[in-house]
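Novice: Here's a structure for you.
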Amino acid sequence: SDQGIVHISDDGRFVIHGSVFELKNGKAVDITSKMLLSEMDSLSKEMIVYPAKNEKHVVTIFMDVTCHYCQVLHQKMKEYNELGITIRYLAFPRGGMETQTAKQMEAIWTSPDPRFALDEAEKGNPPTNYKTPDVVKKHYQLGIKFGVTGTPNMVTKEGELIPGFVEPKALLKMLES
């Protein structure tokens, strides 16, 4: 499987797959999501962010510019933002790194104005220049570690993965429960 954290011993003989636990006072605490969240936060400067005016929640979304439900979500951006939800996008080309989509997304994420480039792509004007995925590759690899298989996939600040499209009001309810 290509999901979750994988550790391989130096000699390549042993593979450990799954969650990482820290033993504290005789209790096992799962720290996998903490590790993934800190890795995600290290990419915050590369995210395309749509900030809420009165921010109550921050959701990071793995998205693909060719994904229908990502486009639907993007069209409702104003509503998410008005409800106090800041949206941060990471690139997740569903078909992998060898695709035209991955190269287009790299052009968007590395353009002088990524937000404008993404808005244009979501309106049906994708970039015509393609770039070898570098930034996008890091986002994609992180998505795989989170267990992302499709788009959109939302990650809460607690590290909970919400697969698929969720209407703005429904998302607010989920974040507040």
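Novice: Evaluate region 110-128: report whether one residue or more is touching an Asp or Glu at 6+ places or on another chain (Cβ under 7 Å) and farther than 27 Å from residue 172 by Cβ.
Specialist: Checked region 110-128: no residue is touching an Asp or Glu at 6+ places or on another chain (Cβ under 7 Å) and farther than 27 Å from residue 172 by Cβ.
Novice: If you scan region 120-139, which residues turn out to be of a type outside the set (A, V, I, L, M) and under 22 Å from residue 43 (Cβ atoms)? Give the derivation first.
Specialist: The first filter runs over region 120-139 and keeps only residues of a type outside the set (A, V, I, L, M), leaving 120, 122-134, 137-139.
Result: 122, 127, 130, 131, 132, 133, 134, 137, 138, 139.
For every residue, the table says whether it meets (1) under 16 Å from the mean Cα position of the chain (by Cα); (2) more than 22 Å from residue 164 (Cβ to Cβ); (3) of a type outside the set (Asp, Glu).
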site	(1), (2), (3)
60	yes, no, yes
70	yes, no, yes
85	yes, no, yes
99	no, no, yes
105	yes, no, yes
110	no, yes, yes
115	yes, yes, yes
125	no, yes, yes
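Novice: Let me ask you something else. May I ask you to list pairs of residues, at least six apart or on different chains, whose Cβ atoms are under 8 Å apart, with the first in region 112-128 being in contact (Cβ under 8 Å) with a residue 60 or more places away in the chain and the second being aromatic (Phe, Trp, Tyr)?
Specialist: 115/50; 118/89
Novice: Same structure again: Which helices (runs of 4 or more DSSP H) does region 90-177 wholly contain that include 1 or more residues that are of a type in the set (Asp, Glu)? Lay out the reasoning, then the answer.
Specialist: Values: elements: 100-109, 114-122, 135-146, 168-176.
Where helices (runs of 4 or more DSSP H) fall fully within region 90-177 and carry at least 1 residues being of a type in the set (Asp, Glu), they are 100-109, 114-122, 168-176.
Novice: Given the criterion surrounded by fewer than 16 Cβ atoms within 10 Å (Cβ to Cβ) and more than 25 Å from residue 6 (Cβ to Cβ), identify the matching residue among 158, 98, 176, 122.
Specialist: 176
Residue by residue, here is whether (1) at pLDDT 95 or above; (2) surrounded by 15 or more Cβ atoms within 10 Å (Cβ to Cβ) holds:
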position	(1), (2)
14	no, no
34	no, no
37	no, yes
57	yes, yes
60	yes, yes
69	yes, yes
78	yes, no
90	yes, yes
109	yes, yes
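The values are calculated or read from the model by the stated rules, or taken from the named source; none is laboratory data. All of these numbers come straight from a predicted model, not from anything done at the bench. No Cβ is skipped: glycine too gets one built from the backbone with ideal geometry, and neighbour counts run over all protein chains shown.
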